[in-house]
Amino acid sequence: ASLVGDQPGLRLKQKEFARCSDTSSPPPSGYPNPLPTFFAQPPTGPPLFFHPMGDFADMDLRENTVATVTSDTGLLEAEQATAPLLPVDIERPEEPHASLNHSLRYDASEWSTLFSAARALSTASTGQTERSVEMRFDDDSSARDRRKVLGIGTITIGVLMVTCALQMPSGPQHEEVSGLVNLAAAPGSFAKLWQSSKDTGDLFTMKADLAIEPDFPHSGFFIEVHPEQVNQEILGFGGAFTDAAALQYNKLSPFQKADVLEKYFGAAGLQYTIGRVHINSCDFSESSYSFDDVPNDFNLEHFDQNLAKAQETFIPFVRDAAETVERTASSPLLRVGTPEMTDFSKFTVSEGPDPGTSALQSAQGQYLTANSDGSVAAEGRKIVPPSGFKIIDQGNDQVTIQTITGQFLADQPDGSLQAVANANTAARFIKVTQSDGRVSFRTPGGQYLTTLPVGLKILASPWSPPKWMKTNNNMQNSGSPCLKEEARPTWAKYISTWITRFEALVTPVWALTVQNEPTNNAAWEACTMSADEEASFVEEHLGPTVKAEHPDVSIFVFDDSKHLLPEYVNAAFSKPHAGQYVNGAAFHWYTGDWFWNIANVHKQHPELMLLGSEATYERRMWKEGNQNPYADWRFGEGYAHDIIGDLNNGAGGWLDWNLLVDDKGGPNHVGNTCDAAIVFANGEVQVHPQYYFIGHFSKWLPPGSKSLGIEVKPDRKYEASKPAGPYGTCTGEGGLEATAVKRPDGLFAVVVLNCAAEDIEFKLKIGANAVKATVPHRSISTILIPP
């Protein structure tokens, strides 16, 4: 099925689709029922799979621009039109399934039901065909009309899919299925706003644009973003691939698996980029296990090199998620800020789109592009006018890089690149030609121009060593000390060996926490360590072993509730050598807010990555009488409250706990059940409010964004002199809560939370400009503002 125009317009082209195939499982709640699924079988790998998901109402097509799905990458890319664009006429058919000549009109209020691509995990009957239908833009349409038509066009793909089941023959399958990605917002005098609200029915709903005006007087709530106050980098958002989550995932139908992958990791979903996994079992396993149960095997001769138990549970889930993230992350971030030469710092120089220009292709095959808003990114696999640059010799081995519009690339304080008009502020790069003919660009200060590919970051955490390494001879609970003295070097080697095997079997490990909840002598898998014991273990064993064998794996200390965060960080840096191995500190939310502890650690160690690594609502926090997980709007509000508090005080990311649980909140082998953002119950994938609240951050605050200073007045202060609020509680008594970042594409993103019972009008000010908006009661909004 293809959407093509006689003149360049919206072109979503796809060849040789498979025939439609009904599934035995019902579609997710809120989707039409029955809903045919649609498979395409590429030459290798699992079949690809279409289904309705998410919205793309935030895609702006610039004037005289064409959006194209390329056959080699499956990514939606923009290019300049070569002829005037023609009007489009789309009508609602009386019988939408009867003919390929019909398409389906959706109003702006229905944008949430659009079609995206995801991957299924089982084979299906296949066939082949090719169809097309015209879809063209009027050249004088407004940006809003173009967005609407784009939405209609995407819906039309789905209608064609439904129709194809009536006509397709069987046969071999080839070609790829396209994915859809958001286009960067065009610059202008409007800000974009998305909203989720308890009583309006809004869930990631795009609302009316906000007019950007010169600053104006305003009484009442006031939010001011300080772009000059650049803080920590956003690492990402995600959740945990526990055995419990994987057991539910393995029960899902192919449709439901693709649905969950898209919801969490896809372009139309939350766009998660971090996943936490457990080394050995945890309480959300069906039983305790390790990968070496042979007593006194200090040389680890019997270590299970295949990680068989993990292969049975969460490894397939992780592998599928990693593939989804790789497919979703279409535009590697472009930065100036790494002193190390890597493959991502090397660019292939070829002839540009205009005489005298050059194109710079990244290691991922994408071309550097200067956008009209001044931002620069690696995007697109075709050489188009915005990807043309002039590399101008400035003498002394230095060059400047000029865009086709005459602007010059300049590095910004946050590490991003911006095209500026004044050549005096341009970055001077030292051009270094590599032995393979590629070139690198280094600033006089030694920082390389580098693309940072966005992939799934894996955070690994141990709950307990094998029982024969412990003083209590039991994986559950902990003695004091936990580890036998003679087992300390072996436990460090065990963890490093697990990393080696996991990377060989699945995907690279990004980071490691020393011990899950070292202060908690739990009824499940545990290994308690005081702050000094943990620091000593890092200094003497874990740090030297892991850094020798896995120098790229970051080590995070603590990984427990925030109230003791400074104690564990300070202990590590008070040791003569432990600090050299520590890259970050992780923390949980179970003792309440304690945001000032994050702020204090960030102030003392600004180079340290800080990560909220676990949060969930345990059964004790559920409404009285509820024995099973249920949808509670308060839980989403509590998540957002904690994320805002963490980010505003120095955290770079935030992780939910189980990605999936069953209808009991487990399985958990000691009955420690919890809620989750997605629950698999009664054969259905059920989405809880936490999903939408997390999404207001993860969808619009991508990795590589930089946190900015922000003030909210009247303000809600978190001070050590005040009692910490209980975890996951947001009453709205203090008014609005907000956080802000500058994204790699140059846009400002502001998330505003209102847990109060009344609507709140506010002014949002950035620099000399401001917008006025209203956030409804019990709601959350994300606002994107052009620079």
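The values are calculated or read from the model by the stated rules, or taken from the named source; none is laboratory data. Worth saying up front: this structure is predicted, and the values here are computed from it rather than measured. Cβ atoms come from the backbone with ideal geometry, glycine included; neighbour counts cover every protein chain shown. For accessibility, only protein heavy atoms count, side chains too; no ligands or nucleic acids. Shrake-Rupley method; radii C 1.70, N 1.55, O 1.52, S 1.80 Å.
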Virtual spin-label span in nm between GLU503 and ALA768, 7 Å along Cα→Cβ: 5.1
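Just add up the charged neighbours of LEU564: K/R +1, D/E -1, any other residue whose Cβ is under 12 Å from the Cβ of LEU564.
Summing Lys and Arg as +1 and Asp and Glu as -1 gives -4.
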Convex hull (Cα only) mean projected area of the range 388-473, reported in nm² to one decimal: 10.8
Exposure of LYS207 as accessible area (Å², to 10), given a probe of 1.4 Å and all protein chains: 70
Bridge type composition, the range 572-715 - antiparallel percent by DSSP, nearest 5: 40
Between the range 487-555 and the range 191-222, the alpha-carbon center distance in angstrom: 45
Two-site FRET efficiency, VAL349 against ASN250, from Cβ-Cβ distance with R₀ of 45 Å, rounded to 0.05: 0.40
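Applying 1/(1 + (r/R0)^6) with R0 = 41 Å to the Cβ-Cβ distance of HIS577 and ASN521, what FRET efficiency is obtained, to the nearest 0.05?
Numbers: r = 28 Å, r/R0 = 0.69.
That pair, HIS577 with ASN521, gives E of 0.90.
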Which listed pairs, of LYS346/LYS382; LYS251/LYS699; LYS192/LYS562; LYS547/LYS575; LYS198/LYS765, have C-alpha distances above 29 Å, in listed order: LYS192/LYS562
ASP397/ASN424 FRET efficiency (R0 25 Å; Cβ-Cβ; nearest 0.05): 0.80
Spacing of the two label points (7 Å from each Cα toward its C-beta) at ASN306 and THR731, in nm: 5.6
Listed residues TRP596, TRP491 arranged by accessible area, highest first, probe 1.4 Å: TRP596, TRP491
Gain on full stretching of the segment that runs from GLN604 to ASP209 - 0.36 nm per residue minus C-alpha separation: 138.1 nm
Alpha carbon centroid spacing (whole Å) that separates the range 620-654 from the range 419-465: 36
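By per-residue mean of other Cβ atoms within 10 Å, what is the highest-first order of 227-233, 528-534, 433-439, 319-325? Working shown, then result.
Values: 227-233: 16.6, 528-534: 19.1, 433-439: 11.7, 319-325: 21.1.
Averaged packing, sorted descending, gives the order 319-325, 528-534, 227-233, 433-439.
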